[in-house]
1. Kyte-Doolittle cut-off -0.5, length cut-off 24 Å along the helix's own axis using Cα: show which whole DSSP H helices in the chain pass.
2. Looking at the range 1-106, which GluC sites (Glu not before Pro) are in a loop (DSSP not H, G, I, E or B) and have at most 12 other Cβ atoms within 10 Å?
3. Run lengths n ≥ 4 of DSSP H only: what is the helix-derived mean residue ellipticity at 222 nm for the chain, with -39500 (n - 2.57) per run over all residues, to the nearest 500?
4. From the C-alpha coordinates alone, can you work out the Kirkwood hydrodynamic radius of the chain, in Å?
5. Would you mind working out the magnitude of the charge dipole of the chain relative to its Cα centre, with +1 at each Lys and Arg C-beta and -1 at each Asp and Glu C-beta, to the nearest 20 Debye?
6. Could you sort 107-117, 140-150 so that the peptide with the highest average Cβ count within 10 Å comes first and the rest follow in order?
7. Between the range 200-274 and the range 60-85, what is the separation of their alpha carbon centroids in Å?
8. Taking R0 as 45 Å, what FRET efficiency do you get between residue 7 and residue 146 from their Cβ-Cβ distance, rounded to the nearest 0.05?
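All of the numbers you see were taken from the coordinates with simple rules; none came from a lab. Given the structure is predicted, the values throughout are model-derived calculations rather than measurements. Because the Cβ atoms are built from the backbone with ideal geometry, glycine has one as well, and the counts that use them run over all protein chains shown.
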Amino acid sequence: MSTSKPSQRIIGILIASIATIFFAILDTSGKWLVQSFPVIEVVWVRFVVHMILALIGLIYAEGFKNLMIEDRWLHVLRSVMLCAMTGLNFFALQYLQLAQTAAILFSAPIIIALISSFVHHEKLSPIKWCAVIAGFIGVLIILDPFGYHFHPAMLLVLAHATIYALFNFLSKRIAAKSSPLVTQFYSALGPTVVLLPFLFQSWQSPSLGIEYGVFFCAGLFGFLSHNFISIAYRYATPSTIGPFFYQQMIWMVLLGWLIFDQVPTWNVYVGTLLVIGSGLYLVLHELKQGKK
C-alpha cells in the first residue's frame with residue numbers, strides 16, 4: 001500500500017497511536033501480575049494467549065499454507081529476542097514504575113543510530129552526535145546511578161532497549177518475506193515452547209476471576225499492540241510514525257498513577273525530556289533525509 005498520500009499517513013499515525021495505549025495496558029497488566037505470580041509464568045501465559053490469537057487470525061485470514069516459511073532461523077532469533085525483552089521488562093516492573101521503564105526504553109532510537117553508524121558505516125554529523133550524547137545524558141539522569149533513585153532493575157530495561165534496537169533491524173528483514181500474522185505466530189510460538197519445561201516448579205494457579213482476566217489482557221494486548229504496529233506500517237513509514245510512539249509515556253504515567261498510585265520523580269521527567277528530544281531529532285532527521 002502506498003504511504004505517500006496524506007490521508008494514508010494520518011491513518012497510520014492513528015493506528016500507531018492506538019498501539020501505544022495497548023503497549024501501556026500490556027505493561028500495566030504485566031506489572032500487576034508479577035506482584036503475585038512468578039515472572040516466568042506471566043511471560044509464558046502472555047505468549048500462549050498471543051500465539052492462540054495469532055493462529056486464529058492467521059487461519060481465518062490466510063489459511064495454513066503460509067505457515068511454511070523460508071527464513072525460519074530469523075523467526076527463531078526474533079522469538080528469542082522478543083521473549084528476552086518481555087522477561088527483562090516484566091522482571092524489572094516488579095521494582096520500577098511504569099514511567100521509569102518507558103523513559104529508559106525511549107533510548108532505543110539513540111541506540112539504533114549508534115548501531116547504524118557502526119554496522120552500516122553511516123557517518124554521524126556533529127549535530128547527530130550531540131543528539132546521541134544528550135540522549136544518553138538523559139538516560140543517566142533517569143538511572144541516577146550514584147543517587148537515591150537508582151535501582152539495579154533499571155539496567156535490565158537498558159538491556160531491553162538495546163535488544164529492541166537490534167530487534168527492529170531483524171523485523172525489517174523478516175517483513176520482506178513474511179506476513180505480520182505469520183511473524184506474530186512464530187514470535188509467540190518460540191517462547192511458548194521454550195519456557196514450558198521451566199514452569200512445573202514455579203507454577204501458581206490463579207484463584208480469582210480478575211487474575212484470569214488480567215492474564216488474558218496481557219496476551220490480548222501483547223498481540224494487538226504488535227499487530228497494530230504492523231498494520232500502521234502499511235499506511236505510513238516508520239520515520240513518519242516514530243515520533244508518535246512517545247505518546248506511550250502519557251499512558252504509562254496515567255496508568256501508573258491510577259493503578260499503582262505511583263508518580264514519577266523529577267529526574268524521570270527531566271531525563272525523559274532529553275531522551276525524547278534526542279530521539280525525535282534523530283527520527284525527524286531520518287524523515288528529512290528520506291525526502292531528499
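1. Values: long enough: 6-34 (42 Å, 1.23); 39-61 (33 Å, 2.13); 72-93 (31 Å, 1.11); 126-143 (25 Å, 2.23); 153-175 (32 Å, 1.34); 209-235 (39 Å, 0.87); 266-290 (36 Å, 0.80).
Long hydrophobic helices here: 6-34, 39-61, 72-93, 126-143, 153-175, 209-235, 266-290.
2. On the way: sites: 41, 62, 70; in loops: 62, 70.
In loop regions of the range 1-106 (DSSP not H, G, I, E or B), the sparsely surrounded GluC sites (Glu not before Pro) are 70.
3. On the way: 12 runs with 220 residues, N = 292.
Helices in the chain give a 222 nm mean residue ellipticity of -25500 deg cm²/dmol.
4. Numbers: mean 1/r = 0.0507 Å⁻¹.
Value: 19.7 Å, from the Cα pair sum.
5. 1040 debye
6. Numbers: 107-117: 21.2, 140-150: 15.3.
Going by the mean number of other Cβ atoms within 10 Å, highest first, we get 107-117, 140-150.
7. Each part's Cα centre sits 23 Å from the other's.
8. 0.35
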